[in-house]
Each structure stands twice: as structure tokens, then as C-alpha cells.
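Peer 1: Pasting a structure here, questions to come.
The values are calculated or read from the model by the stated rules, or taken from the named source; none is laboratory data. The model shown is predicted, which means the values in this text are computed figures rather than measured ones. With ideal geometry, Cβ positions are generated from the backbone for all residues, glycine too; neighbour counts draw on all protein chains shown. Please note that ligands, DNA and RNA were not included when accessible areas were found on the heavy atoms of the full protein model with its side chains. Shrake-Rupley method; radii C 1.70, N 1.55, O 1.52, S 1.80 Å.
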Amino acid sequence: MSLTHEDVPIDFDPRWIEVLRQMKERFGKKPELEAILFLIGMNELGRVEEKFTKEQKQDLMHVAVCRLLSQDGYYRLAGWDDEQWPLWEAAQALPPWSASEQETVLKKNIIRYFEENQLV
């Protein structure tokens, strides 16, 4: 009997480990989940600014979460605001995930995001 990716706890999934390895190689330290979300948000925004306000950093992480959950059909891109930030709308209700379940879903979708965007 062989194990599939679904059988392996996400923190030991070789694909997740590869995402972390590449991020560490690029930025010099193992990233926290929030840092990965921030970087995905900047990627989705399409611009890198030297300084973001605390509110903008939170907005970037929200953009990332919506983008990641859009892969499962929970959100859809509704357009862009006047400052060219993506606007997301709920497409379906989120399941009542525990914090650990939500983290696992985000990590799995980060793997998909990195693979689909050829970032790993």
C-alpha cells in the first residue's frame, strides 16, 4: 500500500517542504504562513512597494486568502478598485473549519498556487 499526498500530514508533504525550501533559499529564512500569504498578496496585486501600511499588509493577506480559496470555488474575482486592488466576493459559504483545518486548506492551496504559477 502506497501513501498519497492526502495521506501525508501537510507539514510533512514533500511539496510543502519544497515551497518552504524555495522560500528560505530566496529570502534567507524559513517563512511563516503569514509571510507567504503576504507575498502571494503582493504577487496578486502585481506591484511591489517598499512600504505598505499595516492595513495594506492585512489587505494583502486577505487578497491572498481569497485567491487561494478561489481555487476551491469559495471566492471569485469581482473586479478591481480604483487603486487597482483586486476585489473578491464570496461564491459559496466556507465550511465550519477549525483553525488547524483552515491552515491545512491554505497550505494545500499554497502548494497548488506555487505549482500552477511555476514558482516551485
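Peer 1: Sequence-distant or interchain residues sharing an amide H contact under 5 Å with A78, placed H: which?
Peer 2: When sequence neighbours closer than 5 places are left aside, the close amide H contacts are L87, W88, E89.
Peer 1: In whole percent, what relative contact order does the chain give with Cα contacts below 8 Å and a gap of six or more residues?
Peer 2: Details: 99 pairs, mean separation 27.5, N = 120.
Relative CO of the chain lands at 23 percent.
Peer 1: Give the separation of the Cα centroids, the stretch 25-60 to the stretch 92-118, in Å.
Peer 2: The distance from the Cα centre of the stretch 25-60 to that of the stretch 92-118 comes to 17 Å.
Peer 1: Out of the GluC sites (Glu not before Pro) in the stretch 57-105, which ones are loop residues according to DSSP with at most 14 other C-beta atoms within 10 Å?
Peer 2: E83
Peer 1: For the stretch 51-56, what does the Karplus curve 6.51 cos²θ - 1.76 cosθ + 1.60, with θ = phi - 60°, yield as ³J(HN,Hα) per residue in whole Hz, taken in order and with x for Gly and Pro?
Peer 2: Couplings: 10, 10, 5, 4, 5, 5 Hz.
Peer 1: Shifting gears a bit: Using a 1.4 Å probe, what is the accessible area per residue for the chain, in Å²? Provide the component values of the computation, followed by the final result.
Peer 2: Numbers: 8040 Å² over 120 residues.
The answer is 67 Å² per residue.
Peer 1: OK, next. List the trypsin sites (Lys or Arg not before Pro) within the stretch 22-64 that fall in a DSSP loop (any state other than H, G, I, E or B) and whose Cβ has at most 10 other Cβ atoms within 10 Å.
Peer 2: Loop-located and lightly packed - K29, R47, K51.
Peer 1: Something else: In whole percent, and with a 1.4 Å probe on the protein chains, what portion of the accessible area of the chain is carbon and sulfur?
Peer 2: Using a 1.4 Å probe with all protein chains present, the chain comes out at 50 percent carbon and sulfur.
Peer 1: Just to be sure I understand, if you calculate Rg/Rh (Cα atoms, Kirkwood Rh) for this structure, which of (1) 0.98; (2) 1.10; (3) 0.92 do you get?
Peer 2: The value computed from this structure is option (1).
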